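Worksheet: the structure to be examined is printed underneath.
The values are calculated or read from the model by the stated rules, or taken from the named source; none is laboratory data. Predicted model, so just to flag it, every value in this text is computed and none were measured. Note that each Cβ is placed from the backbone with ideal geometry, even for glycine, and that neighbours are counted across all protein chains shown. The area values use the complete protein model at the heavy-atom level, side chains included, leaving out ligands, DNA and RNA. Shrake-Rupley method; radii C 1.70, N 1.55, O 1.52, S 1.80 Å.
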Amino acid sequence: MILDRLSNRVNRLVEYAVFGLGLGMALLVAAQVFCRYVLNHSLFWSEELARFFLVWLTFLGAGVVYRRGGH
């Protein structure tokens, strides 16, 4: 059915978004640690952005896991 195909496509896009958010958060935190301890300069905005990524990752990831039957 059309609705099933649409749902699968949207879920696939959300899975890519979850992957991107997780990767972005990991890179952002790694850059923050590098800047803080190697360059002795803190990225003041990175902690808030990482928290924002984590919140979206949690909610979107819960939808992906529910769609796969993992709950």
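Brief remarks follow.
- Solvent-accessible area, 1.4 Å probe, carbon plus sulfur percent, for the chain: 70 percent
- For the chain, the longest principal axis of the alpha carbon atoms and the long axis of helix 46-68 meet at an angle near 20°.
- Approximating the spin labels as points 7 Å out from Cα along Cα→Cβ, the V65-to-N40 distance works out to 4.3 nm.
- Among F53, N8, V64 the positive-end extreme of the charge dipole of the chain (Cβ point charges): N8
- Each of R51 and M1 was given a label point 7 Å from its Cα along the Cα-to-Cβ line. The distance between the two points is 4.2 nm.
- Choice from A50, A30, A17 showing the highest fluctuation, given a GNM over the chain with Cα pairs closer than 10 Å: A30
- Among L21, L60, L43, residue whose mean-square fluctuation peaks in a GNM of the chain (springs only between Cα atoms under 10 Å): L43
- The stretch 28-45 - phi-based ³J(HN,Hα) in whole Hz, Karplus 6.51/-1.76/1.60, Gly and Pro as x: 5, 5, 5, 5, 5, 5, 4, 5, 5, 9, 9, 8, 6, 9, 8, 8, 5, 8
- For the stretch 19-58, the per residue solvent-accessible surface stands at 76 Å², with DNA, RNA and ligands left out and a 1.4 Å probe.
- Note on the chain: with charges restricted to the Cβ of Lys and Arg (+1) and Asp and Glu (-1), its dipole about the Cα centre is near 240 debye.
- Compared with the rule-of-thumb size 2.2 N^0.38 Å for a compact globular protein, the stretch 7-71 has a Cα radius of gyration ratio of 1.37.
- Mean residue ellipticity (222 nm) of the chain, computed from DSSP H runs ≥ 4 via -39,500 (n - 2.57), nearest 500: -30000 deg cm²/dmol
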